[in-house]
1. For the stretch 121-137, which positions are over 23 Å from the mean Cα position of the chain (by Cα) and buried (at least 18 other Cβ atoms within 10 Å of the Cβ)?
2. Just name the residue that is farthest from the chain's Cα centre (by Cα) out of those in the stretch 60-72 that are touching a residue at least 12 places away in the same chain (Cβ under 8 Å) and surrounded by fewer than 19 Cβ atoms within 10 Å (Cβ to Cβ).
3. Out of curiosity, is PRO114 in a loop (DSSP other than H, G, I, E, B), over 31 Å from the mean Cα position of the chain (by Cα) and not charged (D, E, K, R)?
4. Keeping to the stretch 1-19, report how many residues are part of a strand (DSSP E or B) and not aromatic (Phe, Trp, Tyr).
5. Considering only residues that are over 10 Å from PHE50 (Cβ atoms), open to solvent by less than 30 Å² (accessible area, probe 1.4 Å) and part of a strand (DSSP E or B), which ones fall in the stretch 73-96?
6. Being touching a residue at least 40 places away in the same chain (Cβ under 8 Å), open to solvent by 40 Å² or more (accessible area, probe 1.4 Å) and assigned to a strand (DSSP E or B) is the filter here; which residues of the stretch 40-59 pass it?
7. Just one of the numbered conditions (1) on the phi > 0 side of the Ramachandran plot; (2) in contact with a strand residue (DSSP E or B) (Cβ under 6 Å, 6 or more places away or on another chain); (3) small (Gly, Ala, Ser) is not true of ALA34; which one?
8. Here's a check for you: in the stretch 138-167, which residue that is hydrophobic (A, V, I, L, M, F, W, C), more than 31 Å from the chain's Cα centre (by Cα) and surrounded by fewer than 16 Cβ atoms within 10 Å (Cβ to Cβ) is nearest to GLU46 (Cα to Cα)?
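The values are calculated or read from the model by the stated rules, or taken from the named source; none is laboratory data. What you are looking at is a predicted structure, and each value in this text was computed from that prediction instead of being measured. When we count neighbours, we look across all protein chains shown, and the Cβ atoms used for this are built from the backbone with ideal geometry, even at glycine. Heavy atoms of the whole protein, side chains included, go into the accessibility calculation; ligands, DNA and RNA do not. Shrake-Rupley method; radii C 1.70, N 1.55, O 1.52, S 1.80 Å.
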Amino acid sequence: VSPTTDMTYWVTASTGLCTAWDQVMVFVNTPPVADAGPGQAACYGEIATFTASGGSEYLWSTGDTTASTNVIAISSGYYTVTVSDGICEATDSAFLDVIPLPNVDVTDTAYTCPGSSVTLTVSGASSYIWEDGSTGSTYTFTPVSDTVIHVTGYELGCSNTDSSIVII
């Protein structure tokens, strides 16, 4: 039998003059509704957290057995959770979109004379912030000694840093 609602089934057995009856009650449980949570986007190397709902027991494709799972954003893909109410199970998936870090590339080494300015150029992102807070793809300054200059590039909400050595 495959009932879709709770049912009582009766069985009758007869042998000649003797008859016996019995019943069995079949209860149909409503399966849980699994929800893996919304899909997410994360920069490469960040941690994305998915939180499921819909049951009392959880098993993620990562092996976690709690409602939440933390994933290091290395590659894009689906993360699946099986939700159980102790009797029935259901599954759902959520997508993790991994955004690559910008390939920030600043002049590796620059040389200048004492009292002279030097201009560094950076590429690989859509916006930049130099270590002194200035912005733009070029940075001109007059160093007083050998120094290392750091610049952070931003693209699609993700950032990456590179540095340049300036030698006098």
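1. Result: VAL122, TYR128, TRP130.
2. Among those that are touching a residue at least 12 places away in the same chain (Cβ under 8 Å) and surrounded by fewer than 19 Cβ atoms within 10 Å (Cβ to Cβ), it is ALA67.
3. Working: in a loop (DSSP other than H, G, I, E, B): yes; over 31 Å from the mean Cα position of the chain (by Cα): yes; not charged (D, E, K, R): yes.
It is true that PRO114 is in a loop (DSSP other than H, G, I, E, B), over 31 Å from the mean Cα position of the chain (by Cα) and not charged (D, E, K, R).
4. The number of residues fulfilling the criteria is 9.
5. GLY77, VAL83, SER84, ALA90
6. If the condition is that a residue be touching a residue at least 40 places away in the same chain (Cβ under 8 Å), open to solvent by 40 Å² or more (accessible area, probe 1.4 Å) and assigned to a strand (DSSP E or B), then GLN40, ALA41 are the ones that fit.
7. It is condition (1) that ALA34 fails.
8. To start, the set of residues in the stretch 138-167 that are hydrophobic (A, V, I, L, M, F, W, C) comprises 141, 144, 148-149, 151, 156, 158, 165-167.
Imposing the further condition that a residue be more than 31 Å from the chain's Cα centre (by Cα) reduces the set to 141, 144, 148-149, 165-167.
Pick out the ones that are also surrounded by fewer than 16 Cβ atoms within 10 Å (Cβ to Cβ) and you get 144, 148, 165, 167.
Numbers: VAL144: 37, VAL148: 27, ILE165: 28, ILE167: 35 Å.
Looking at the filtered set, the residue picked out is VAL148.
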